[in-house]
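Accompanying notes for the structure given below.
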Amino acid sequence: QLGQPLLQVRDLRVAYGQIQAVKGISFDLPLGRITTLVGANGAGKSTTLLALSGLVKKAGGSVDFDGQDLSTMAPHRIVQSGVVQVAEGRATLTTLTVHENLELGAYTRRIGKAEREAEIERIYQLFPRLKERAGGLAGNMSGGEQQMLAIGRALMAKPRLLLLDEPSMGLAPIIVQDIFRTLREINRSGLTIFLVEQNVRQALKIADRAYVLETGRIVLEGSGQQLLGDPKVQEAYLGH
Ligand code: ATP
């Protein structure tokens, strides 16, 4: 039930040759909550996400998703079990329209056209901007719009856990606020979210639970509010 761990990571380690990118980290993602992993460039955040998605080989540790061991599962099976990562760098299919991108998001599911269109309509309610651009090519949209589309497309796969790798990257602060507000709204409908971010302030603001990663180790954890008020966090990440 709500607040109980949906995903449990224990002593996760990942190495690229001699470089130990993730050095034995443990954390929980509670059901129905937003959890964030924040840290500087190169701290190992992306590597952690890749490990959850099965896209890098783990040197050790376990990943339990609702009783299933993800640590030995192939990436497509992980997606099928409901762990879906938003495409990075807003990798939407630029030569397709917005609507076609959303249709494709549902391709692994067996749903009819009517149901699919109803779900696309819900995505348009979350992101009215996408509705306005429905027939336009994804490649002609702004970075913020493409990020919205990438999130919408991931939602079309009906995730039980949504993973995001720096959705704020390269976007103006006002767009970031807009996108984060929508993530909150999506979360309120029950979806568990894991947000990896360098934008520490905005990430902590929307997170229920937060972890700080430094050179492959978790050095601090708490609620988003607690870490926002933590002097060490303020000094290292919030420019106080
Ligand atoms: P960023 O925000 O820049 O993505 P990050 O916190 O996500 O940073 P990672 O990308 O996970 O950090 O990188 C962690 C460490 O692993 C860094 O020292 C990085 O140089 C190294 N690294 C990442 N990818 C590779 C790779 N494919 N081969 C070798 N080293 C890598």
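Restricting attention to the stretch 1-28, which residues are away from the ligand (no atom under 15 Å from the Cβ) and in contact with a helix residue (DSSP H, G or I) (Cβ under 9 Å, 6 or more places away or on another chain)?
Taking the stretch 1-28 as the starting set, the residues that turn out to be away from the ligand (no atom under 15 Å from the Cβ) are 1-8, 10-11, 26, 28.
Residue satisfying the conditions is Leu7 alone.
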| query | Tally time: how many residues in the stretch 208-224 are open to solvent by 10 Å² or more (accessible area, probe 1.4 Å) and among the small types (Gly, Ala, Ser)? | reply | 1
| Which one is modelled with the lowest pLDDT among residues in the stretch 54-70 that are more than 9 Å from the ligand (Cβ to nearest atom) and buried (at least 18 other Cβ atoms within 10 Å of the Cβ)? | Lys58
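Limited to the stretch 164-190, what total is found for residues that are closer than 18 Å to Ala106 by Cβ and either in contact with a strand residue (DSSP E or B) (Cβ under 8 Å, 6 or more places away or on another chain) or basic (Lys, Arg) (or both)?
To start, the set of residues in the stretch 164-190 that are closer than 18 Å to Ala106 by Cβ comprises 186, 189.
Going one step further and asking which of them are either in contact with a strand residue (DSSP E or B) (Cβ under 8 Å, 6 or more places away or on another chain) or basic (Lys, Arg) (or both), we end up with 186.
Selection size over the stretch 164-190: 1.
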| query | Which one of the conditions (1) surrounded by 15 or more Cβ atoms within 10 Å (Cβ to Cβ); (2) in contact with a helix residue (DSSP H, G or I) (Cβ under 7 Å, 6 or more places away or on another chain); (3) modelled with pLDDT of 95 or more does Leu191 fail to meet, given that it meets all the rest? | reply | (2)
| query | Checking Ser168 against (1) among the polar types (S, T, N, Q); (2) within 13 Å of the chain's Cα centre (by Cα); (3) over 19 Å from Tyr237 (Cβ atoms), which single condition isn't satisfied? | reply | (3)
| Among (1) within 26 Å of Ile186 (Cα to Cα); (2) within 8 Å of the ligand (Cβ to nearest atom) - the single one Leu37 does not satisfy | (2)
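From Gln202, Gln177, Gln147, which residue is of a type in the set (S, T, N, Q) and open to solvent by 40 Å² or more (accessible area, probe 1.4 Å)? Working first, answer last.
Values: Gln202 fails: open to solvent by 40 Å² or more (accessible area, probe 1.4 Å); Gln147 fails: open to solvent by 40 Å² or more (accessible area, probe 1.4 Å).
The match here is Gln177.
The values are calculated or read from the model by the stated rules, or taken from the named source; none is laboratory data. Everything numeric in this text was worked out from a predicted model, so none of it was measured. Don't worry about glycine lacking a Cβ; one is built from the backbone with ideal geometry, like all the others, and counts go over all protein chains shown. Just so you know, the surface numbers come from the protein's heavy atoms only, side chains and all, with ligands and any DNA or RNA stripped out. Shrake-Rupley method; radii C 1.70, N 1.55, O 1.52, S 1.80 Å.
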